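This report concerns only the one structure given below.
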Amino acid sequence: MAIKFSEFNVGSTTSDIDYLVGYKNTDNVQIPVGLVGTNTTYTVSTAQAGANETITLTGSDSSTDLITITAGNDISLTDDGAGNGFTIASTVVGDTYTIGTSTNGSSVDVNLDAAAGADTNITLTPVGGITITQAADVITIDSTAVNGTVTSVGTTTTDIAALTLSGTVTTAGDLNLAKTGGTAGQYIDGAAGAWTTLPAGDTYSLQAGAKSGTSVPLNLDAGTGSDSVVNLTEGTGITLTQTSATEITIESAGGSVIYVDSFTGNGSTTFTASQTIDNENDTQVFIDGVNQSKSTYSTSGTSLIFSTAPPLNSNIELNNISSVSLVSVPDGVITTAKFSSSTLVTESEGIANNDNDITIPTSAAVKDYVDTATSNIGVSVISSNTTAAKGNLYVLTANLTLTLPASPAAGDSIKISNLSGVATCVVARNGNNIMATAADLTLDNAAASFELIYTDATNGWVIIGPQ
């Protein structure tokens, strides 16, 4: 009779069971509970077996199972001796290599040398414009071309699209850059690439023509072509003279004078000069002896206009360089007969009386006045080394040495204005002291302006005024 599993009684322990139900093929089988028993535990251990290693699985019910690990080629298996594991290692021993270079004709070999195995090498071979050299295992690769230009042209070369020759051109034999097909007197037109005939040449001569009015012509006379002319025209204060067909004389008909005006700073920006200022570029302005940039002032007529009022009570000096016209008087035109005796100043009256008379002084009166005058001085604008003379103003416009007179007398005066823009100009003492010191004076103020007066052998030249 068949019984359903759902009709079985439920047991709570193995003691509640006498048999288990099993099957063998199609037959039912009774299995005693004792045949099944409790859970089985296992341990794993290792052991050396010659060159091999075994892994053993041992159950708590004394059952065992074993796996053998076999060492293959170039493999070693080593047990740890405690049965807890083993080491797998390779028995292969590697090779060592060194790399070097050697010369092989025009080539260089790169050599890989094995300590035990086979050696190998690579050859570096130069071609077209390349050289390869080696030294101390350093390989150098050079180009024999210069900036990518052609360095050699064989005899079979018939056409080069573009050839630039620069630097030093070295040739073996003749360097023939001629393009065939041309004839004498022809050139290659770069744009058209064709031979072009040069135009017929002309001859020219240059001559000075006769003066016409205020102009002298420079004539360029062509042998067969057109002539041309350039006229030289006299400007203000200039005289042109054609002395020959090959010479023109240019003379100045005028000169210049420096008008000096002095002012005192009073809070105003505008000061009135004694003479009309022709050109701002022909002025020099000093405030307390310091030369002022032309960007700080302007001029208009007789007005000197500062952009900012000079400091109160400051000393302001204006040097106004003005052009004057010189008139040439023919010889023998003015004689003493042209003057009445009343127009001549006698020696006893002199010139310094300033009585505003309309008279001409005698030479003796002029001499007396000049000998005692101190306000009129000569002006020299210099740009190179110069030896000074007493009674002159020297305007320095370059780095130079101004040498003082060798034998001055007490009261001799020299004025100096440094417009060179450098602080290295030198005033050489020429054997006499300067400020009681036997040393040259270096103008370390690039805008120094002062006066030197000679006193005596002890003090020598002393400085007067702003510096």
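No value in this document is a laboratory result; all are computed from the given coordinates. Quick caveat: nothing in here was measured; it's all calculated off a predicted structure. As a convention, Cβ positions derive from the backbone with ideal geometry for all residues, glycine included, and neighbour counts pool all protein chains shown.
If I take R0 = 25 Å and measure r between the Cβ atoms of E251 and S384 in this structure, what FRET efficiency does the formula 1/(1 + (r/R0)^6) give, to the nearest 0.05? Kindly include the intermediate steps, with their values, before the conclusion.
Values: r = 24 Å, r/R0 = 0.98.
E(calc), rounded to 0.05, equals 0.55.
Each of D95 and T133 was given a label point 7 Å from its Cα along the Cα-to-Cβ line. The distance between the two points is 3.4 nm. In this simple spin-label approximation, S76 and A438 carry label points 7 Å from Cα along the Cα→Cβ vector, and these lie 10.1 nm apart. For the range 56-82, the residues whose backbone nitrogen is under 20 Å from a point 7 Å from the Cα of Y42, taken along Cα to Cβ, are 56-70. Taking 7 Å steps out from each Cα toward its Cβ at I88 and Q207 produces label points 11.7 nm apart. If R0 is taken as 41 Å, the Cβ-Cβ distance between T13 and N52 corresponds to a FRET efficiency of 0.30.
Full extension of the segment from V260 to S244, taken as 0.36 nm per residue of separation minus the current Cα-Cα distance, would add 1.4 nm. Taking θ as phi - 60° and the Karplus parameters 6.51, -1.76 and 1.60, the scalar couplings of the range 220-226 work out to 9, 9, 8, x, 10, x, 7 Hz in sequence order, x denoting glycine and proline. Using 0.36 nm per residue and subtracting the Cα-Cα separation, the extra length available between N121 and S307 on full extension is 58.4 nm.
Length gained on full extension, D27 to N219, computed as 0.36 nm times the residue gap minus the Cα-Cα distance: 54.2 nm. May I ask for the net charge around T214, where only other residues with Cβ less than 14 Å from the Cβ of T214 are counted and Lys, Arg are +1 while Asp, Glu are -1? That sum, taken over residues with Cβ under 14 Å, equals -1. How would the range 373-432 be classified by its alpha-carbon gyration tensor: rounded, prolate or oblate, with rounded meaning a/c under 1.5 and the a/b versus b/c comparison settling the rest? It comes out oblate by the Cα gyration axes.
Each principal axis of the Cα cloud of the range 256-325 was taken in turn, and the coordinate range along them, longest first, works out to 38, 20, 19 Å.
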